[in-house]
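Right, one structure below, let's go through it.
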Amino acid sequence: MTRRITVDPVTRIEGHLRIDVEVGDDGKVSKAWSSGQMWRGIEKILVGRDPREAWLFTQRFCGVCTTVHAITSVRAVENAIGLEIPVNAQLIRNIIQCAHAVQDHIVHFYHLSAVDWVDVVSALDADPVAASKLAESLSGWHGNGVVEMKATQERLKAFVANGQLGPFASGFWGHPAMKLSPEVNLMAVAHYLQALEIQNYANKIVAILGGKTPHIQNMAVGGVSNSVNLDSQSVLNLERLMMIKAWIEKLDDFVKSVYMTDVPAVGSFYLDWAGYGSGVTDYLSVPDCPQDPKGTVFDLPGGYISGGDLATFKPITSYNDPFFRDGVAESSKHAWYEGDKTLHPWDGETEPKYDDFNDEGQYSWIKAPTFYGKRAQVGPLSNVLCMVASGHEGATKYLNNAIDIIKAVSGASDIPLAALHSTIGRHAARSIRCGVMLDTLHAQWQKLVDNIGKGDTDTFNPPSFPKGVVKGYGFHEAPRGTLSHWVVIEDGKIKNYQAVVPSTWNAGPRDENDAPGPYEASLMDNPVADPENPLEVLRTVHSFDPCIACAVHMVDTEQNEIVKVKAL
Amino acid sequence: MSDKADILVIGMGNVLMQDEGVGVCAAEALENRYDLPPNVEVVDGGTTGTELMAFLRDRPHVIMADAVNTGAQAGTLVRLSGDEVPAFFQTKISSHQLGVSDLLGLLTLQNEAPGDVVIIGMVPYQLENKLGLSEQTLARIDAMVAMLVDELARLGVKATPKANPTRGYWERQAHMGESASCV
C-alpha cells in the first residue's frame with residue numbers, strides 16, 4: 001500500500017515549507033513534492049524606490065539572513081552603474097559576511113538540525129565520565145571535561161523535570177532511526193550549549209562593524225559608511241580591530257576543535273545516510289570575498305560542476321562574468337503565478353494566481369530556477385566541491401581531515417568522494433566550509449589592518465545614476481548557497497527587482513521540463529520507518545538548511561497539524 | 001550585564017508585511033515620540049532570532065511589542081505576562097514563535113532568562129506583502145504605544161512626550177508607499 005505523508009510546516013526555522021512524499025510497500029519514498037505555502041511579493045515594494053536604499057528593505061526579507069541580503073543588494077546596484085568600491089569596503093563587507101557565515105553554520109548544525117540525529121533525552125542516561133573520555137579522545141577542547149558533562153546533564157535534568165522541553169519539544173526522541181549512544185548524545189548536548197555561547201562572538205563582529213544590531217547600518221552603494229581612523233575613539237580604530245581579532249580566535253577554537261570534529265564523528269554512526277539524499281548533482285556556487293575594487297579577484301572560488309564530476313568544474317570569474325549572468329532563469333510552470341514562461345530575472349514577473357495543490361500542475365509559491373536550462377543544487381556542498389575542484393588548499397585539507405576522522409571512528413577503510421553527494425555529506429560540507437570561512441575571516445582581517453597601515457582609509461565612492469535604463473546583478477555565496485539580486489533602474493529609480501535566493505534553487509518545484517528540484521530529487525528512495533514520525537524526510541530536508549522565510553514569508557498561525565499520513 | 005539598560009523594549013515583526021510589523025512600528029513610535037531615561041533601551045528586532053540572545057540574556061525587564069493571533073478580533077490589544085508568556089509561545093500565537101521562544105527556552109536552560117517578560121500585542125488586520133500598516137491598525141497604534149508607556153510606568157519609568165516628536169525610518173518610508181503608512 002502506498003502512503004502519502006504531508007509534513008506541513010517543516011518547522012524549526014521561520015517560514016513555511018510543505019513537503020509531500022509517497023512511500024511505497026518497500027518503505028521508501030517513491031514521489032516527492034516541495035511546496036512554498038505563502039506568496040512572496042516583497043520585491044514589488046521596491047519598485048519606484050531609491051536604489052541606494054534598496055538594501056535597507058532587502059535585509060528585512062528574512063530574519064536569519066539580514067546582512068546577506070543587504071550586501072547582495074548594494075552589489076547589484078553597484079554593478080548596474082559600473083561603480084567600483086574601495087578595497088577597505090570590500091574587506092569590511094567580507095569580514096561581516098564571513099562572520100555571519102560562521103555563526104549561521106554553527107547554529108544550523110547544533111541548534112536547528114542536530115536534534116534530527118542526537119537524542120537529547122537519551123543524554124540523561126549517559127555516564128558523564130565516559131562521555132568526557134569519548135569527547136577528549138576526539139579533541140583537546142577545554143569544554144570536554146567531566147565537570148562540563150556532569151553540569152550539562154544536571155541542567156538538562158532540571159529542564160526536562162520542569163516539563164518545559166522548549167527548543168527540544170519537536171524532537172523525535174526514542175525514534176528507531178536514532179543511533180547514538182547516550183554518551184555521544186551527552187557530548188553533543190554539551191557542545192550544543194557551548195555553541196550557543198560561541199556563536200555570539202560572530203554576532204559581535206557583525207555588530208561592531210555594522211554599527212547596529214540586529215540590522216546592520218553600515219552598508220552603502222559605493223562601499224561602507226564606516227570611517228577608519230586607527231587613533232580615533234569613535235570610529236573603526238585599533239582597539240576595535242583588536243577586539244574583532246580576539247573574537248575571531250574564540251570562534252576559531254570552537255569550530256576547529258568541536259564543530260569540525262563533531263560532524264564527522266556523529267556522521268560515522270550514520271554512514272548509511274551517505275547513501276541517501278543525493279538528488280540533483282549539478283552544483284552551482286559563486287566566487288566571494290572580492291579583493292579588488294572591481295570584483296575580479298576572489299579569495300573564495302565558485303563555479304559550476306556538472307553531474308557531480310569535479311573534472312567538469314567551470315569557474316565564475318568576475319562580477320561581470322556572462323557565464324553566470326546569462327545562465328539564470330526561473331520557471332513558473334509549476335508555481336502559482338500567471339503564465340508558465342521561463343524568464344531571466346531582469347524580466348521576472350511576480351503576478352500571483354493561486355490554485356489548489358495539483359500534483360501534476362501548480363503546487364508552490366516558489367518558482368523553479370534553472371542554470372542553462374537545468375536544475376542546480378546550491379549550498380555549502382556545492383561551494384566545497386567547487387573549491388576542491390579549483391584546488392583551494394583549505395577546503396581540500398579540511399575535507400581530508402573530515403574523511404580521516406570518519407575512518408578512525410567508524411573503522412571504514414575507504415570513504416569515497418561520492419559519499420558527499422548525500423544527506424550527511426551536506427552536513428560534512430557545511431562544517432568544512434565553516435573552517436574555510438574562519439581562515440578567510442582571519443585573512444580579511446589581516447588584509448584590512450595591513451591596508452589601513454599603509455595609509456589607505458578610503459571606504460566609500462559616491463554613486464551617480466544616469467538618465468535612462470541600466471541593469472545590474474549582484475551575487476553572494478551565502479550560508480545557504482548562491483544568492484543573486486537583479487535590478488533594473490530607470491532614471492535613478494528601481495523599475496524591477498528580483499531576488500533569486502538559495503532556498504529557491506533548492507526548494508523549487510518541478511521546472512518547465514517537469515524535472516524535480518533538489519529537495520524533491522533528494523528525497524527519492526529515502527527510507528521511512530514510521531510514517532507517523534517521518535524523521536528521515538526531515539533529515540534530508542533539514543540537511544539543506546531550509547530558510548523559506550525569504551523564499552516565501554509568513555506563517556499560518558492556524559496551522560497546527562504537522563504530519564498527515566494518508567493511505568492511497 | 002553591567003553596561004546594559006535594565007529595561008529592554010523590543011519591537012518584533014516584518015515591516016514588509018503590513019500589520020505583521022506593528023510591533024516594530026510601535027517601538028519606533030515610542031522612541032520617536034518620547035524622551036526615555038538611559039535605563040531604557042529600545043530595539044528593532046525585526047524577525048531576527050539568535051542575534052537577540054545577547055539583548056535578552058539576564059535582562060531584568062523585557063517588554064516585547066509584537067503582532068499576535070489570539071483568536072480575538074483584529075485590532076484587539078493584549079498584555080501577556082508571567083505564565084502567559086511561555087504559553088503564548090507554546091501555542092504558536094506569535095508569528096515569531098520559533099526564534100524568540102527558542103531563545104527564552106535556552107536562556108532558561110542556562111539560568112540566564114530575563115527577569116520578567118511582558119508582551120504587548122495587537123491582533124493584525126492585514127498581512128500582505130506591502131510596506132506600512134493598514135488603515136485600521138493605524139487607528140489603533142496610539143493605544144498600543146500608550147500601553148508601552150503604561151508598562152514603563154509600572155516599572156517606575158516616566159516616558160516624557162517630546163516637545164518635537166519625530167517620525168522613524170519605517171514611518172517615513174511608508175508615506176512613500178501607496179495609501180498605507182507605518183504609524
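Read the figures in this text as sums done on the coordinates, not as results from a lab. Here the structure is a predicted model, which means the values were calculated and not measured. With ideal geometry, Cβ positions are generated from the backbone for all residues, glycine too; neighbour counts draw on all protein chains shown.
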Among the complete DSSP H segments of chain A, which ones combine at least 24 Å of alpha-carbon extent along their axis with a mean Kyte-Doolittle hydropathy of -0.5 or more? A:87-107, A:182-210, A:238-254, A:393-410, A:423-453
Cross-link candidates for residue A:157: which lysines have Cα within less than 22 Å, leaving aside residues fewer than 8 places away along the same chain? A:133, A:179
Output field shielding_mean for A:301-313 (other chain Cβ, 10 Å radius) holds 0
What is the magnitude of the charge dipole of the range A:71-219 about its Cα centre, with +1 placed on the Cβ of each Lys and Arg, -1 on the Cβ of each Asp and Glu, and no other charges, expressed in debye to the nearest 20? 300 debye
Counting pairs of alpha carbon atoms under 8 Å apart in space and at least six apart in sequence, what relative contact order in percent does chain A give? 27 percent
For n ≥ 4 DSSP H runs only, could you compute -39500 (n - 2.57) per run for chain A, divide by its residues and tell me the 222 nm figure to the nearest 500? -12000 deg cm²/dmol
Net charge near residue A:316, counting Lys/Arg +1 and Asp/Glu -1 over other residues with Cβ under 13 Å of its Cβ? -2
Charge dipole of the protein assembly as shown about the Cα centre (unit charges at C-beta), most positive-ward option of A:479, A:193, A:58: A:58
Would you list A:318, A:225, A:503 from fewest to most Cβ contacts within 10 Å? A:225, A:318, A:503
Which peptide among A:276-284, B:162-170, A:380-388 comes first, and what is the full order, when sorted by highest mean count of other Cβ atoms within 10 Å? A:380-388, A:276-284, B:162-170
Which residue, B:141, A:432, A:315, has the largest displacement toward the positive end of the dipole of the protein assembly as shown when charges sit on each Cβ (Lys, Arg +1; Asp, Glu -1)? A:315
Between residue A:514 and residue A:225, the FRET efficiency computed from the C-beta separation at R0 = 56 Å comes out, to the nearest 0.05, as 0.75
Once you place label points 7 Å from the Cα toward the Cβ at residue B:54 and residue A:414, how far apart are they in nm? 4.9 nm
What is the sum of charges, Lys and Arg at +1 and Asp and Glu at -1, for the other residues whose Cβ falls under 11 Å from the Cβ of residue A:81? 0
Residue B:155 paired with residue A:124, simple spin-label distance in nm, labels 7 Å along Cα-to-beta-carbon: 3.5 nm
Using Cβ counts within 10 Å as a stand-in for footprinting exposure, how do A:365, A:346, A:247 rank, fewest first? A:346, A:247, A:365
Between residue B:169 and residue A:25, take the C-beta separation as r, use R0 = 41 Å, and let me know the FRET efficiency to the nearest 0.05. 0.10
To the nearest 0.05, how large is the calculated FRET efficiency for residue A:50 and residue B:135 if R₀ is 22 Å and r is the Cβ-Cβ distance? 0.30
What percent does the relative contact order of the range B:7-174 come to when contacts are Cα pairs within less than 8 Å and at least six residues apart? 34 percent
So which of A:314/A:397; A:314/A:495; A:204/A:471 end up more than 31 Å apart by C-alpha? A:314/A:495; A:204/A:471
Quick check of the Kirkwood formula: for chain A, what is the inverse mean of 1/r over all pairs of different Cα atoms, in Å? 24.1 Å
Contour minus Cα-Cα span, residue A:469 to residue A:157, at 0.36 nm per residue, comes to 106.0 nm
Given the candidates A:218, A:358, B:155, the one whose Cα lies deepest towards the positive end of the charge dipole of the protein assembly as shown, counting +1 at each Lys or Arg C-beta and -1 at each Asp or Glu C-beta, is A:218
Note down the magnitude of the dipole of the protein assembly as shown about its Cα centre, charges +1 on Lys and Arg C-beta and -1 on Asp and Glu C-beta and zero elsewhere, to the nearest 20 debye. 860 debye
Using the count of nearby Cβ atoms within 10 Å as a rough guide to exposure, how do A:2, A:457, B:137, A:370 rank from fewest to most? A:2, A:457, A:370, B:137
Only Lys, Arg (+1) and Asp, Glu (-1) charged, at Cβ; chain B dipole about Cα centre in debye: 260 debye
Long-range amide H contacts for residue B:58: which residues qualify at under 5 Å (H placed 1.01 Å from N, peptide plane, sequence gap of 5 or more or a different chain)? B:113
What average count of beta carbons from other chains do you get within 10 Å of the Cβ of residues in B:42-48? 6
Only bridges with both residues in the protein assembly as shown count here: give the DSSP antiparallel percent, nearest 5. 75 percent
